Amino acid sequence: MSGTSAALKPPVGAVKPVRHPEAPAPGELLGAHYEHCFGCGEGQRHGLHLQARAGEGVGVTAEFTVQAAHQGAPGLAHGGILATALDETLGSLNWLLRVIAVTGRLETDFVLPVPVDTVLHLDAEVTAVHGRKIYSRATGRIGGPDGPVAVRAEALFIEVKVDHFIENGRPAEIRAAMADPDQVKRARAFEVNP
C-alpha cells in the first residue's frame, strides 16, 4: 500500500509472527465465530457469510460473494462492505495466533470497482507482532484468486481479554452467548474479533 500511516508500520523490536501449535491446519475451514456476526455469521440475512480457511504460515484465504443487498452505486459493491470483508478476513488471522484481538486501525485502498455477483477472493497475513499489537495486510481480488487486485488493506489489531466483550457488549447478547449449552459455540463467540 502506498501512503501507509505511521501507526501501521511495525516499530523497531517487532517480531515475525509465529503460528500457534494448536492453530487450525492449512486448508481447514475456520467457520463462523458467532452466528450473528455480520461478517461470518449465518444468522445475518444480509451479512457477508464470508468463509475463511487457514493458509500456510500465519495467513488465511477467504471468499465472499457480493449480493444485491451489498451495493452502494447501482450494481457495485459499497466501499464499506468491501472494507468489512477485508476486516473480517484480517480478524480471522487471530485464529492462527490463538489470541483474542480487535481492530485498532484499518486503512483501505479501493483499486477497482467490484460488481454485484462478483466473488471477492481475499488473502491476508500477519506481518509482525509487537507486544499486544498485531500488524497485518490483506488483498481482495476479482476474477479468481490470481485476478487483479480490487481492494487492499493494512491493519493493526490489539490483543484483548474476554472481559473487553463482557464489559462493553450489550448485556442481552452477552448473556445469550454465555448461556449457550454448546461449550464450543460459547467459547468461539469470544475467541476472535467479534
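The values are calculated or read from the model by the stated rules, or taken from the named source; none is laboratory data. Only a predicted model underlies this, so the values are computations on that prediction, with no experimental measurement involved. Note that we place each Cβ from the backbone using ideal geometry, even for glycine, and neighbour counts take in every protein chain shown. Areas reflect the complete protein model, heavy atoms only, side chains present, ligands, DNA and RNA absent. Shrake-Rupley method; radii C 1.70, N 1.55, O 1.52, S 1.80 Å.
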Single residue of Pro26, Pro113 found to be without any contact (Cβ under 8 Å) to a residue 60 or more places away in the chain and farther than 23 Å from Tyr135 by Cβ:
Pro113
Any idea which residue in segment 45-102 is nearest to the chain's Cα centre (by Cα), counting only those that are farther than 24 Å from Asp117 by Cβ, aliphatic (A, V, I, L, M) and in a loop (DSSP other than H, G, I, E, B)?
Leu93
Does Glu42 qualify as being farther than 17 Å from Ala85 by Cα and acidic (Asp, Glu)?
no
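Condition check ((1) assigned to a loop (DSSP other than H, G, I, E, B); (2) crowded, with 20+ Cβ neighbours inside 10 Å; (3) at pLDDT 65 or above) across all residues:
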{"residue": "Asp123", "(1), (2), (3)": "no, no, yes"}
{"residue": "Gly144", "(1), (2), (3)": "yes, no, yes"}
{"residue": "Ala150", "(1), (2), (3)": "no, yes, yes"}
{"residue": "Ile158", "(1), (2), (3)": "no, no, yes"}
{"residue": "Glu173", "(1), (2), (3)": "no, no, yes"}
{"residue": "Met178", "(1), (2), (3)": "no, no, yes"}
{"residue": "Pro181", "(1), (2), (3)": "yes, no, yes"}
{"residue": "Arg186", "(1), (2), (3)": "no, no, no"}
{"residue": "Phe190", "(1), (2), (3)": "yes, yes, no"}
Kindly check whether there is at least one residue in segment 79-87 that is touching a Phe, Trp or Tyr at 6+ places or on another chain (Cβ under 7 Å) and surrounded by fewer than 17 Cβ atoms within 10 Å (Cβ to Cβ).
yes
Taking Arg137 and the conditions (1) open to solvent by less than 60 Å² (accessible area, probe 1.4 Å); (2) out of contact with any Phe, Trp or Tyr (no Cβ under 6 Å at 6 or more places or on another chain); (3) modelled with pLDDT of 95 or more, which numbered condition does it fall short on, given that it satisfies the others?
(1)
Pair list, Cβ < 9 Å and 6+ apart or interchain, from segment 145-168 residues that are closer than 18 Å to Arg98 by Cβ to residues that are at pLDDT below 65 and charged (D, E, K, R)
Val162/Glu191
Which count do you get for residues in segment 95-120 that are more than 13 Å from Ile158 (Cα to Cα), open to solvent by 30 Å² or more (accessible area, probe 1.4 Å) and of a type in the set (A, V, I, L, M, F, W, C)?
5
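Please go through segment 119-144 and give me each residue that is over 14 Å from the mean Cα position of the chain (by Cα) and among the β-branched types (Val, Ile, Thr), ordered by number.
As a first pass, look at segment 119-144 and keep what is over 14 Å from the mean Cα position of the chain (by Cα): 119, 127-133, 141-144.
Across segment 119-144, the qualifying residues are Val119, Thr127, Val129, Ile142.
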Could you tell me whether any residue of segment 59-78 is under 23 Å from Ile158 (Cβ atoms), open to solvent by less than 40 Å² (accessible area, probe 1.4 Å), in contact (Cβ under 8 Å) with a residue 24 or more places away in the chain and in contact with an Asp or Glu (Cβ under 6 Å, 6 or more places away or on another chain)?
yes
